[in-house]
1. Once the other residues with Cβ under 15 Å from the Cβ of A:Asp165 are scored (Lys, Arg +1; Asp, Glu -1), what is the net sum?
2. Where does the protein assembly as shown land at 222 nm, in deg cm²/dmol rounded to the nearest 500, when only DSSP H runs of n ≥ 4 count, each adding -39500 (n - 2.57), divided by all residues?
3. Strictly over 31 Å apart at the Cα level, which of A:Lys242/B:Lys298; A:Lys242/D:Lys112; B:Lys298/D:Lys356 would you flag in this model?
4. With no solvent and one equal point scatterer placed on each C-alpha of the stretch D:283-362, evaluate the Debye formula and give log10 I(q)/I(0) for q = 0.25 Å⁻¹, two decimals.
5. Do you know the relative contact order of chain D, to the nearest whole percent, from alpha carbon pairs under 8 angstrom that are 6+ apart?
6. When a/c reaches 1.5 or more, the comparison of a/b and b/c decides; with that in mind, is the stretch C:237-305 rounded, prolate or oblate per its Cα gyration tensor?
7. Once you list every other residue whose beta carbon is under 13 Å from the beta carbon of C:Phe224, what net charge do they have if Lys and Arg are +1 and Asp and Glu are -1?
8. Using a 10 Å cut-off on Cβ to Cβ distances, tally the other chain neighbours for every residue of A:273-284 and report the average as a whole number.
Protein chains: 4
Amino acid sequence: MNTTGTLYRLTAFGESHGTAIGGVIDGLPAGIRLDMEQIRHFLRRRRPGQSDITTQRHEDDNVEFLSGIFEGRSTGAPIGFIIRNSDCRSQDYNDLQHLFRPSHADFTYTAKYGIRDYRGGGRASARETAVRCVAGAIALQVLHGMGVTVTAYTSQIGTVALPGDYHQYDFSHIDDNAVRCPHPPTALAMEELIAAVRSESDSVGGIVTCIVRGIPAGWGEPIFDKLHADLGKAMLGINAAKGFEYGAGFAAAAMRGSQANDCFVSQEGRITTLTNHSGGIQGGISNGEDIYFRVAFKPTPTLSRPTRSITDDGQPVTYTPHGRHDPCIVPRAVPVVEAMTAMVLLDHCLQHNSRKSLPENL
Amino acid sequence: MNTTGTLYRLTAFGESHGTAIGGVIDGLPAGIRLDMEQIRHFLRRRRPGQSDITTQRHEDDNVEFLSGIFEGRSTGAPIGFIIRNSDCRSQDYNDLQHLFRPSHADFTYTAKYGIRDYRGGGRASARETAVRCVAGAIALQVLHGMGVTVTAYTSQIGTVALPGDYHQYDFSHIDDNAVRCPHPPTALAMEELIAAVRSESDSVGGIVTCIVRGIPAGWGEPIFDKLHADLGKAMLGINAAKGFEYGAGFAAAAMRGSQANDCFVSQEGRITTLTNHSGGIQGGISNGEDIYFRVAFKPTPTLSRPTRSITDDGQPVTYTPHGRHDPCIVPRAVPVVEAMTAMVLLDHCLQHNSRKSLPENL
Amino acid sequence: MNTTGTLYRLTAFGESHGTAIGGVIDGLPAGIRLDMEQIRHFLRRRRPGQSDITTQRHEDDNVEFLSGIFEGRSTGAPIGFIIRNSDCRSQDYNDLQHLFRPSHADFTYTAKYGIRDYRGGGRASARETAVRCVAGAIALQVLHGMGVTVTAYTSQIGTVALPGDYHQYDFSHIDDNAVRCPHPPTALAMEELIAAVRSESDSVGGIVTCIVRGIPAGWGEPIFDKLHADLGKAMLGINAAKGFEYGAGFAAAAMRGSQANDCFVSQEGRITTLTNHSGGIQGGISNGEDIYFRVAFKPTPTLSRPTRSITDDGQPVTYTPHGRHDPCIVPRAVPVVEAMTAMVLLDHCLQHNSRKSLPENL
Amino acid sequence: MNTTGTLYRLTAFGESHGTAIGGVIDGLPAGIRLDMEQIRHFLRRRRPGQSDITTQRHEDDNVEFLSGIFEGRSTGAPIGFIIRNSDCRSQDYNDLQHLFRPSHADFTYTAKYGIRDYRGGGRASARETAVRCVAGAIALQVLHGMGVTVTAYTSQIGTVALPGDYHQYDFSHIDDNAVRCPHPPTALAMEELIAAVRSESDSVGGIVTCIVRGIPAGWGEPIFDKLHADLGKAMLGINAAKGFEYGAGFAAAAMRGSQANDCFVSQEGRITTLTNHSGGIQGGISNGEDIYFRVAFKPTPTLSRPTRSITDDGQPVTYTPHGRHDPCIVPRAVPVVEAMTAMVLLDHCLQHNSRKSLPENL
C-alpha cells in the first residue's frame, strides 16, 4: 500500500494534479538536527524544469513541515509534511478522461479501482517521488552523520553507456551536467542523444547506478528481508523501473565460481575482500565493502506525437498528448534512487541496532 | 526477518544441519482441498541428488504437517509443518568452524550475530528453500483452481543462453532434462557445460525465466507494494540471486518510447495489448497479459578445489571443501522461483479482493 | 508507532500547538461516496468549546482533504488530510518548559525522546484524537452502508452511574445533553457533578459504553488479532483510558459458568443466543449478537489550582496551570470511542472478506 | 492472525487434538544463553493435571527445539519448536461434531471458516497457550538479565477477592498453593470455593493481577502502540479474558483528579512518584515505577452436567460433556499472563533501544 519501512517509515499520499502531495515520516530518532536547506536542495535535484531536457512544468516543491520538529530538531513524533501542487494545467488532461494511454497505468488503475483521477496520471504520476525525496533527504542526513554516503548517477541513456567500473569516476562532476553523469564526455553524448530523441518526438530509457560507502558489516535481516532484497523492492517501486541488479548482477550468470568469488583478506586488522563481485552484501547482510547496484528505467511512455490507443469503452482512437513531459526521466530519477536507498539503509540500521542494545552476558 | 507476506504469510525456520527446517503458513483461506502428492512432487523437484549435476546429499524432504488441515482441507488455522534433516554429515564442516569461506555468508553472519552455526552454512544455506516450496506448492494449488499458471525454467547457464522469446517453447519439456530447459538442444548444451565445469572443480551461474498466465487485471498495491516490486523482492531473497528484471527489463534502457510502448486494442470485448514490453504489469498493477521476468543467479561459491581464505582471527588459510555441492544451482532454483512467485500472487489476490467485497452503492 | 490497522489504516501526525495535525487514510475501498457534512458534524462532536463543561479553547477543526478523493468518491489512493491548529495560546505553556506536570506525559516523553514539544502537551495532547475522528467518520459511513451501527455514550461520571443495561435507553437522546448520556435524569446529575467539580478546581473521570449492532458473524482473526483484543487495544490507546471490558467484563470473574453461558437457539432460521454475556464475540470472532464494551477514563490531570511537582532538574515547584482544560473529558471521548471502533471493525471486515473471495470448490 | 510482535515475534500454530502445537520465535537477539530447565519449569506451571482443581488431561508438554539455538545460545536465527499432543482422547469429542456448545467458539469458527476441527475445541482451545509460554519463558530470561521481573498471581476467584494492594504480599508464596494466590488464607478460601463449584458441576471465573518491576522509563510507542495498549491487547487475546485494567483502572472513573494525580518527586537523583495510580505508564510510556494491571477471566463454559444447546442445523439438543475440564482456569492463566507480558515488554525494549543506538550529535 502506501507505507514503506519497518522502523523508519514513510506513508505517502497525493496525486499529480490534486491539492497537495505529502507524507508522514515515522520512526526518525529524536534529537536529530535537520538541515532544511539540504532538504530543499535535494528536492530541487528531482524537480522538473531544471534544464531543457526535462519537462517544463514548473513545480516549486516547497515543503511545509507540519509536526515532529521542534526548535530545529526531531522530537521522535511523526513528521507530517505537504507540498502543494501548483502550475497544474489540469485542462491539458480533460481529453484523456476516457482514454487508456499506452504503457501508462490508466487501464490498470481503472481495472483495479473502477474510478480514476485522470488528471496528469493521478496517483500513478512520478509526481509522488517528491515525497520520497523528503523522507530520503532526512535519512541521508542521519546516514551522513554516521559516515555513510549514498551516490547515484546516470550510467546509461539509450545506447550511450558509461564504460568501465565506478572507481574511475569523480563523483563531484555528477551535478555538473543535465544528465547527472560523472564522466563529462559521456554526459555530452547522452545530452546529444536526448536532444535527438526529443527532436523526433520520442523518448528514451536508461540506467542509474548507485554506490553506498561506509556501511558497517551486519545490516540486513535474512531470510525474507535481506538487504539487497529490500533495496531491490525499493528501486523497483520507483516509476518506470524495469530491473535491478547488485554486485556482478546479471553478468554473474555467465561467470564461473572461480572468477566470481571474493577472497577475504585481513588488512590492518580489518577483514576485507580482494574483489567485490558480491556488491557489498553476502547472505543478505552487508559485509563492509561498497554496496553498488543498477536500476533500469524504461523510456517515458508519453510521446509528443499522434499516438494510437483506445477509449475506456474499447474504441480505437488517435490522440496527441498536450502535457509537458520529459523525453528521458533518468536524470531526475537519480535523486529518487538516492532517497529510496537512504530510507532502506536507515531502516535496516535501526533494525540491526535494536538487537545490539542488550546488556552483555545475558 | 523470517516472515513474508501480508495476507498469505510464511514464517520459516531451520538450519542446514539442525534438527529440522519448517514453517507456518498463515492466511490460507479455509476449505481448500490440499493435494499432498502434488506438494511432495513439487518438493522433489527442488531436492538435491536428482541427477549427477546436483549435489549428492540425499534429502528425503518428507513434510510432516502438524496443524491447520482437517479431513484433507484447510481449516483457516495456521498450517505448521516440519521437514527433518537427515544425512547431515556435520563432521564435514568441523574444520570450517573458524573459517570465512569466500562469497559465503560466514563472515557476515558472524559480523551481525557474533555467533554462527557453521555446519553446512547454517541458516544461510539454501536448505531453507524447501520450506518456501511447501508454502509455494499450496499457493500454486489455489492459483491453479483460479486458472492461473506459474511456469519457470532455466534460460541461461554460463554463456549458454536460450534464444528468442518464451512463446516458441513447449513448457511440457521443462522437466524432461536435468537442467529444466524447455528447448532440448539448448538443454543438452547446458548439461555439457555443467559437466565440463564440474570436471574443472568449478561452478557456474545462470538465469531462470518465469511466466505467469491467467492473472486478471487489477492485482498490485501501489505505490510501495507494486506487484513487480514484491515479485522482485521475493526473487532477490532466494539464495544466490543477483538480479531481477521484468518485461523488457534492462533492455528497456536502450529502447525508444516508440518501440517500448504497448498499444491497447479491444479484442472480442476484452482489452489487451499488441505487444507486452510491460511484462503484464503497468503502474505496479497486473493488466491481464502474461507476466514474465528473469532472475540472475551467481555461481555456487563452494568449489571442490583448494581455496584461499582467512580464519575468523584474520589468518590466511587454504582449505579444500569436503561437502557435497552443486556445480550449478540454477536447475534447483526453478521450483523455488515458482514457489515464491505463487506466494506473492496469492497474497496480492487476497489483498485486492478484500476491497472488492463491499456491497455496491456505498 | 503512528500507524494503526492492517487493511484499513490510519497514519497520524501532529502536536497540540504545532502547525497542523493530520493523517493519511490508506486502504479505503474505491468508489465510496463521502459525505463531507457528516464528517464535519462528527468532528464537531469531539471539538472543545461545545458547552461550559468543556475547555474553552476554540478549535475550528476544519479538515482539508488533499488527495484520494475525486468527484466526491474515494479513488483507492491514500487520503491525506490536515487540520490547521488555531487559537494556540502557546505562551500559556512557556512556564511549563522545564516542568514535569503530575500524571501527564511530560516526564515520560522526556525520558524516552530526550526532547519535548512542551506546548500544550505536544504529541501527548488529546488534540490528536481529531485525526482519529476523521478516519473513524469515514469508516462509519462505510459500515452504515452495510447496516452496521456504532453508538457510544457516557455511562458514568465520577460516582454517577447509569443504572441497568443498555437496552432500556433511547439512544436518540445521547446528543441532547452536554454529557452525552441517553438517560436525561442521569445526564442532569452528571452535569451537576461536573459543575461542582469545576467549582472546586478539580476534575473527574468516567466510563463510556459502546454498542455495535448489525455485525455479521465471522469477523475477528484469532489467535493474536481477536476482535475484542483489537477493540481493546484501540480503546486503551485513547488518551486517559485506564480499562476496557466487553460483555460481562470484570463482573464475569464473580460468575458461575451456569450463569454466564449464552445458550444458542435457532430463531426463524437464524442462530442466536438467549443471553449475551459474551458481548457478541466468542473465541475472538463476532457471533452476530450486539457487541458491547466499556472504557474507563481517568480524571483530567490538569487542575486549575496550585499544584506541586518538580522541574526537569529535580527541583520541587508549585505551579498553577493557565491553559484551558476540561474538568471531565469523558463526553468528548464518546465520538473518539465510536471512531476507533469503526476503524477496527472496517479493518476486520476487509480482512475477513479477503478470504471469502475465492472461487468455490478449490 | 497468528503472529504477534514487531521485533520480538511469535508465530504460533496447533490445535488441541492435532499432531502437535508449536511456534516460531523470531527476533531474539543472538548470543542469549537459554536455560532449558527454566523453560520446562515454566511450562509445567501452565500444564493441566497439576492438582485436583485442574483438568486431569495429562500433557507432558515436552518442547522440542528445532532451530535457532547452537551450543546453548541463540544464534539470531528463528527458533522453531513443537510440542507433540498426547493423551488426546479425541473420541470424547465425536458427538460434538455437529454441536454448537454454549459460550464456546464452535459456532463462530463455523460461521467464519465454514469448516471446524471439532476435537477438543480445535484451534480455539486454550491448549495453544503452551506455545505462548515457550516464547514468554525465553523473554522472561532476557528481561531477568536486565533486572526486570514479571510476577502474576490469582487475586480473585468468584467472589473471593484478595484484600488490599499488592505491596503487602509475599510473592514467594504464589506457587505454594494450587490457586497461585500469595495470601495463604485467601488461597484456602479460593480452593474451597473451587471444590464447592466442582461438586455442583459448575465452574467459576476470576482475576489475575500482574506486577512488573525494574522497567526503565521510556518504553512504549505512542500514539497507536502505547505500552499499556499492547499489554491490553496481549491479555485480552488470552482465552476467556473479558477485561483489562491498569493502574487505578475502572476505579479511576470514580476518582477526582486531585486524588488520582501522581506527584513527581526527586529522590536520590532519581525522579519517582509519590503514588502510582498511573500504574507505571504515562502517555503510553513507562515511567520507571511498577507496572501493574488486572485481567478478568470468565468461568469455563464447559460444565459436567446436561447442557442445552443446538446442532449446526439448528435443532435443540441436550448433551453432557465427557471431556476433562477445569472448573476454574484462572490459576493456569497465571503463567500465560506472565508469558504474554514478557513478550510485549521485550518487544518494546527492542523498539525503544533501536532509536537510542545512533551516534550522538547527529
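The values are calculated or read from the model by the stated rules, or taken from the named source; none is laboratory data. Everything numeric in this text was worked out from a predicted model, so none of it was measured. Cβ atoms come from the backbone with ideal geometry, glycine included; neighbour counts cover every protein chain shown. Surface areas here come from the heavy atoms of the whole protein model, side chains and all, with no ligands, DNA or RNA. Shrake-Rupley method; radii C 1.70, N 1.55, O 1.52, S 1.80 Å.
1. -3
2. -8000 deg cm²/dmol
3. As for pairs spanning more than 31 Å Cα to Cα, those are A:Lys242/D:Lys112; B:Lys298/D:Lys356.
4. -1.24
5. Relative contact order comes out at 22 percent.
6. prolate
7. 0
8. Mean shielding count: 5.
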